[in-house]
1. Counting only residues that are surrounded by 14 or more Cβ atoms within 10 Å (Cβ to Cβ) and assigned to a strand (DSSP E or B), how many does the stretch 124-137 have?
2. Sort out which residues of the stretch 99-122 are surrounded by fewer than 16 Cβ atoms within 10 Å (Cβ to Cβ) and at pLDDT 50 or above, and write them in order of number.
3. Answer with yes or no whether T316 is within 30 Å of Q42 (Cα to Cα) and either aliphatic (A, V, I, L, M) or not assigned by TED's automatic domain parsing to the domain that holds E40 (or both).
4. Please enumerate the residues belonging to the stretch 328-364 that are in a loop (DSSP other than H, G, I, E, B) and under 17 Å from G310 (Cα atoms).
5. Looking at the stretch 69-87, which of its residues are among the β-branched types (V, I, T) and modelled with pLDDT of 90 or more?
6. Return yes or no: is I246 of a type in the set (A, V, I, L, M, F, W, C) and over 14 Å from the mean Cα position of the chain (by Cα)?
7. Please enumerate the residues belonging to the stretch 53-67 that are at pLDDT 90 or above and not basic (K, R).
8. Only one of (1) modelled with pLDDT under 75; (2) of a type in the set (A, V, I, L, M, F, W, C); (3) closer than 30 Å to N228 by Cα fails for I137. Which number is that?
Amino acid sequence: MDTITLELRSQLRSLNAYISLINNIDVSRIKVKLLENAIEIQIEDETYNLPLCGVKLLPSSLSSLGITNRWIFFRIQTQPNSIYGTFETELINSENKSTNFLNITNKVKLPPQNVNCKLICICCKNEVTKTICFQRILPLPSVDCDPQEWFCCKHSNDEPFSLNPGESDLFYSINYSIFNKNIFKENLKLRKLLIHCSRCFTILGSSNYKNLKSIKIWNCCIEYKISNNNTILKGVPPLTDFLSTIKHTAELITGEKILLEAQDVNSIHYILLRPMEAKLNLFTEEKLNSKNQILNLNSSFVVKILYKYGESNKTTKHNDPDIKYCELALPSILAGMDQLVNSSIRFPPVYRKADDFYIGYLPM
């Protein structure tokens with residue numbers, strides 16, 4: 001076997017199975033048998049057992065069986081689970097109503113306060129700032145926040161409020177940080193308002209033509225080099241950045257539309273997402289070994305999602321007023337696409353698309 005993917009929907013009492021084989025096998029030499037708590041698949045002279053801990057199957061409920069090329073797919077009915085009640089009576093657990101999507105703690109990598117450090121390019125370790133000691137490290141206000149209430153206390157002076165950071169300020173958000181332009185060396189190149197590392201030409205952030213005093217830098221594109229011990233505070237991995245950005249931007253309810261964009265020199269890369277199921281119980285293979293007759297499965301919760309990737313010469317965020325929008329770094333977009341494409345491979349070709357969208361999974 002190559003991959004095993006089982007979608008369990010306990011409330012609907014159903015389980016969908018998609019199993020891919022390494023090679024094409026004669027259909028007549030494949031048999032599927034249901035036990036109460038396991039699935040048995042016979043391929044030629046080998047029999048494989050897929051145990052399902054905590055799931056009770058109806059052995060006579062196999063339906064929609066398809067065996068084509070190197071794919072086996074079918075549907076099974078499960079027995080009622082006391083947690084969810086029956087078809088006549090549904091038990092609702094009010095303590096766990098909200099879906100904790102993407103339980104990944106995106107600890108934005110921040111330098112210690114009042115400690116000398118430098119920003120370095122995550123790719124080539126090029127030092128892009130002079131030595132700086134950040135005295136104020138603050139989260140940026142959300143779009144719903146009144147900037148005048150950003151600080152915890154009011155001051156008596158009449159200085160106008162400004163989100164422009166001073167040289168010793170660091171203002172951060174879920175996937176980017178804002179710095180004063182004066183802390184940067186000549187090791188940055190500006191092209192079409194994009195900030196590049198002068199050594200490896202990686203896009204590190206962007207500059208706003210309306211505000212020439214500050215620079216936006218992507219959290220996943222930089223690291224902090226602490227001066228007193230030369231340690232490096234690692235940056236946020238691009239996939240973690242991608243998933244955390246979605247969590248921060250959207251509620252992941254069915255039918256919601258989410259647009260993520262990343263700017264390159266010559267184009268804008270975008271992913272349009274539409275959630276199908278926010279908390280789907282998925283069983284997948286552990287490291288497969290053809291010598292083992294019992295194949296243990298990993299259980300996890302995922303978001304089943306429709307996605308579409310494209311490139312454009314300009315942003316498409318204004319095309320739909322109901323869309324949730326966020327801009328992120330190009331490495332994050334590419335890491336997210338790798339995750340989605342790899343998850344789509346778990347479906348037989350006939351189940352991979354819906355209209356002009358592909359179907360995939362995102363981890364929770």
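1. So the count comes out to 5.
2. The answer is K107, L110, P112, Q113, N114, V115, N116.
3. no
4. L328, A329, D355, D356
5. Quick first cut of the stretch 69-87, residues among the β-branched types (V, I, T) only: 72, 76, 78, 83, 86.
Within the stretch 69-87, I72, I76, T78 qualify.
6. It is false that I246 is of a type in the set (A, V, I, L, M, F, W, C) and over 14 Å from the mean Cα position of the chain (by Cα).
7. Scanning the stretch 53-67 gives V55, L57, L58, P59, S60, S61, L62, S63, S64, L65, G66, I67.
8. Checking I137 against (1) modelled with pLDDT under 75; (2) of a type in the set (A, V, I, L, M, F, W, C); (3) closer than 30 Å to N228 by Cα, the one that fails is (1).
The values are calculated or read from the model by the stated rules, or taken from the named source; none is laboratory data. Owing to the predicted nature of the structure, the values given are computational and were not obtained by experimental measurement. As a convention, Cβ positions derive from the backbone with ideal geometry for all residues, glycine included, and neighbour counts pool all protein chains shown.
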